[in-house]
Amino acid sequence: MGIKIRYLGHSSFTINMNGKNILTDPYFDNNDKCSYKRLINCAMPISSLPEIDTILISHEHFDAFDIANTNLLVKKNSPKIIAHRSVLNKIDCGENYKYPMLEYMTKTINDISFTAYPAHHPTSFYPLSYLIADKKNSIYFSGDTFMTKEHDKIKADIAILPIGGKITLDLISAVSVAKKIRPKYLIPMSYNTFSHIKQDPYILKNKFENTRYDIKPVVIEPGKEWKYK
């Protein structure tokens, strides 16, 4: 069974794997937050999402963990939620739906394993990145991070990395991380949502052309779906 990845915007994706739907870093709120004006709205409202089986949250910031809308989605679908305990404490559901994670822990849900790795995001309390894998395929979802020593060890078929810069990887350092992980496909995220993280994701394609790295960048426009295998 193949994988379908739909980009909702920023670091929010729906990932259909093993016939189950995983939602990453829910961020549906299109209103301004503090000094942040959202330039590209979330591509889909909660009402248009498929039934979500699992929610994966990298850290506590509003653009990765939209608390109000996450709680609405929890009431709608009763998904399993994977995150650090500090995030889970803010979600209105029973403990049997919460899967607290620390670095290097692995939890398995619906025959899909989720392994947490350190992320380096200095403004976050306890940021995490995740390797998502079934018996055939693997996806590295980095969340918000700079380069870490774990990137020398992590291997995945698909890498989803931020390129916006400022307090995450920028476009150039995302290329460096991809060269360490050596995925078959690289999907950029966390760019152009706000004025301070504007990037041209199509530059990634130029960075891998005529190199020894067989890595194919895939730019998914918000609301669009990409299929793997």
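The values are calculated or read from the model by the stated rules, or taken from the named source; none is laboratory data. Just so we're clear, the structure is a prediction, and the values are computed from it rather than from any experiment. With ideal geometry, Cβ positions are generated from the backbone for all residues, glycine too; neighbour counts draw on all protein chains shown. In case anyone asks, the SASA skips ligands and DNA or RNA and just uses the protein heavy atoms, side chains included. Shrake-Rupley method; radii C 1.70, N 1.55, O 1.52, S 1.80 Å.
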Just reorder MET105, MET17 by solvent-accessible area, largest first, 1.4 Å probe, all chains present.
-> MET105, MET17
Leaving out ligands, DNA and RNA but keeping every protein chain, what accessible area does LYS90 have, in Å² rounded to the nearest 10, with a 1.4 Å probe?
-> 100
Counting DSSP beta bridges with both ends in the chain, the antiparallel % (nearest 5) | 60
Diffusion coefficient in µm²/s returned for segment 33-92 by Stokes-Einstein, Kirkwood Rh over C-alpha pairs, 25 °C and 0.890 mPa s, is 195
Between LYS107 and ASP32, what is the label-to-label distance in nm when each label sits 7 Å out along the Cα-to-Cβ direction?
-> 3.6
Of the chain, which part is the longest with no chymotrypsin sites (Phe, Trp or Tyr not before Pro) in a loop (DSSP not H, G, I, E, B) and with at most 14 other C-beta atoms within 10 angstrom?
-> 126-201
Extension length gain for ARG85 and LYS4 (0.36 nm per residue less Cα distance), in nm, is 26.3 nm
Could you pull out the pairs from LYS4/LYS135; LYS149/LYS179; LYS37/LYS179; LYS4/LYS136; LYS135/LYS166; LYS136/LYS216 whose alpha carbons sit more than 24 Å apart here?
-> LYS37/LYS179; LYS135/LYS166
Structure-based [θ]222 nm, the chain - -39500 (n - 2.57) summed over DSSP H runs of at least 4, per residue, nearest 500 = -3500 deg cm²/dmol
Run the accessible area of the chain with a 1.4 Å probe and give the carbon-and-sulfur part as a rounded percent.
-> 48
Listed residue pairs exceeding 29 Å between alpha carbons, taken from LYS153/LYS205; LYS33/LYS198; LYS33/LYS229 = LYS33/LYS229
Largest to smallest accessible area among GLU221, GLU60 [probe 1.4 Å] = GLU221, GLU60
For LYS155 and GLU209, what does the FRET efficiency come to when R0 = 22 Å and r is the distance between their Cβ atoms, rounded to the nearest 0.05?
-> 0.45
Between beta-carbons, use under 12 Å as the cut-off and find the net charge around LEU72, counting Lys and Arg +1, Asp and Glu -1.
-> -1
